[in-house]
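The values are calculated or read from the model by the stated rules, or taken from the named source; none is laboratory data. Because the structure is predicted, anything quoted here is derived from the model rather than measured. Here the Cβ positions follow ideal geometry from the backbone for every residue, glycine too, while neighbour counts run over all protein chains shown.
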Amino acid sequence: MALTEGDDPLYGSGSGFSKILLVRHVDYFPLLNTGLLAARRKMKLWVLAVLISFAGYSLSEEENVARLLASKNVLNQYLVEGRDLTVQYTIFNIGGSAALDVNLKEESFPEQDFEVVKGNLNVKWERIAPGTNVSHVVVLRPLQFGYFNFTAAEVSYKPSENAASAVVGFTSAPGEGGIVGSKDFDRKFSPHVLDWLVFAIMTLPSLTIPFLLFYRSKSRYDTPKPKKN
Amino acid sequence: MEFAGKMISLVVLLVVPFVVLGDSCLSPEVKAETYTTTEAIVSTETVFIVQFTLTCKNKVRDMNLYADINGRTLPVTKTDKPDLYQVSISDDHKKLSSGKYEVRLYDEEGYSMLRKAQRSGESVDSVKPVTSITFNHPGVSKGPFVQSEFVAVVIAVLVWYFAYSTRSQLQSSN
């Protein structure tokens, strides 16, 4: 029956018989239990110290390298065929030193499905300072409607000046989006001015025919009424 | 021998200025294309994209440029095409309202002088940019000012009112 820290050192956690034994045990060796507790506490402190120094060491390694996090967002509320689709890339440097020769390569928009309105899909920055971010925007126009999976773009950079090879990473992927056809979008959002004009013209007969009848009979049979006063 | 010496010194005098000013751009020529967001229904943020080609007489390629636009300083993005650069910013529709905007381009030296001026609180206009590009943002359209359905309802109510008032006039005068 091992004593754990939560137990009362005098009575332990056992049944009556073992309790008596424990009491006796504790009586004869009053300092032993406190010694065990202290030793356990010391060990825990040691483990904690080792862990902290290890973490500190590994964190200090980050001081000399650059680490880039890249995000890709679609700044659109609706994705409509034939209207602008804005894609924004933001690259953050969370490392301790500047990232060099940063390249962003976007190859996930096929030419026949997306037309580039403005912006470039393959860009580079010479240097991104630590703790700063850069952003890049490209405007595309979808040429087809349907579901499209927006996948990640590729970012490559050199984490330090004397790095042997470039590190390749990916941006976040916005996921799947539905590109609405232009007809469906217009049906919902366009001002429909022409439709209203046609409607007005179609209601004119039901308004003007009674009015003309009234006006004709009025002008034929109307006699000027004498004023009452 | 004297003539040769003179020639050498003349050549050196002509070449040295170009060597000293090796990194900065002489007589820059800029051709810019800009894009600004026009529809607020479809886009959630206003975006400005300035794509420009900057050529210098002294054929300086692949320059590290910095742009100052609307009070923001940011590095200029280089593209895979030579001499083609891009500056892009994005923000809320309300923060990037319509009007004229100026993009000032600085090279490395200009940028460090600009940062110094900003830190010491001096006027930013004292630092001369390599070149500057102005463009106009016509503003985002949030859709028609009055909804067409609203106009149709108003006209219908007016027609009804006219008919009703005429009818009550006729009835009362009877």
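When you scan segment B:19-33, do you find a residue that is surrounded by 20 or more Cβ atoms within 10 Å (Cβ to Cβ), more than 14 Å from chain A (Cβ to nearest Cβ) and modelled with pLDDT of 85 or more, even just one? No - not one qualifying residue is present in segment B:19-33.
Filter segment B:74-108 for residues that are of a type in the set (Ser, Thr, Tyr) and within 11 Å of chain A (Cβ to nearest Cβ); which is surrounded by the fewest Cβ atoms within 10 Å (Cβ to Cβ)? If we take residues in segment B:74-108 being of a type in the set (Ser, Thr, Tyr) and within 11 Å of chain A (Cβ to nearest Cβ), then B:THR79 is surrounded by the fewest Cβ atoms within 10 Å (Cβ to Cβ).
As a summary of the residue check, B:ASP83 satisfies the conditions (1) touching a residue at least 40 places away in the same chain (Cβ under 8 Å); (2) among the acidic types (Asp, Glu); (3) under 30 Å from A:LEU100 (Cα atoms) except for the one numbered (1).
Scanning segment B:44-64 for residues that are in contact (Cβ under 8 Å) with a residue 24 or more places away in the chain and either assigned to a strand (DSSP E or B) or in contact with a strand residue (DSSP E or B) (Cβ under 7 Å, 6 or more places away or on another chain) (or both) returns B:GLU45, B:THR46, B:VAL47, B:PHE48, B:ILE49, B:VAL50, B:GLN51, B:PHE52, B:THR53, B:LEU54, B:THR55, B:ASN64. Looking only at segment B:109-149, how many residues end up being free of Cβ contacts under 8 Å to residues at least 24 places away in the same chain, surrounded by fewer than 12 Cβ atoms within 10 Å (Cβ to Cβ) and within 14 Å of chain A (Cβ to nearest Cβ)? Selection size over segment B:109-149: 3. In this structure, does A:GLU115 turn out to be surrounded by 14 or more Cβ atoms within 10 Å (Cβ to Cβ) and under 19 Å from the mean Cα position of the chain (by Cα)? For A:GLU115, the condition - surrounded by 14 or more Cβ atoms within 10 Å (Cβ to Cβ) and under 19 Å from the mean Cα position of the chain (by Cα) - is not met.
Listed here are the residues, each with its yes/no results for (1) in contact with a Cys (Cβ under 8 Å, 6 or more places away or on another chain); (2) under 20 Å from B:SER88 (Cα atoms); (3) at pLDDT 90 or above; (4) not aliphatic (A, V, I, L, M).
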| residue | (1), (2), (3), (4) |
| --- | --- |
| A:PHE92 | no, yes, yes, yes |
| A:ASP101 | no, yes, yes, yes |
| A:GLU107 | no, yes, yes, yes |
| A:GLU111 | no, no, yes, yes |
| A:LYS118 | no, yes, yes, yes |
| A:ASN122 | no, yes, yes, yes |
| A:PRO130 | no, no, yes, yes |
| A:VAL137 | no, yes, yes, no |
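Checked against the criterion of being within 13 Å of chain A (Cβ to nearest Cβ) and in a strand (DSSP E or B), the candidates B:ALA67, B:ALA163, B:ALA152 yield just one match: B:ALA67.
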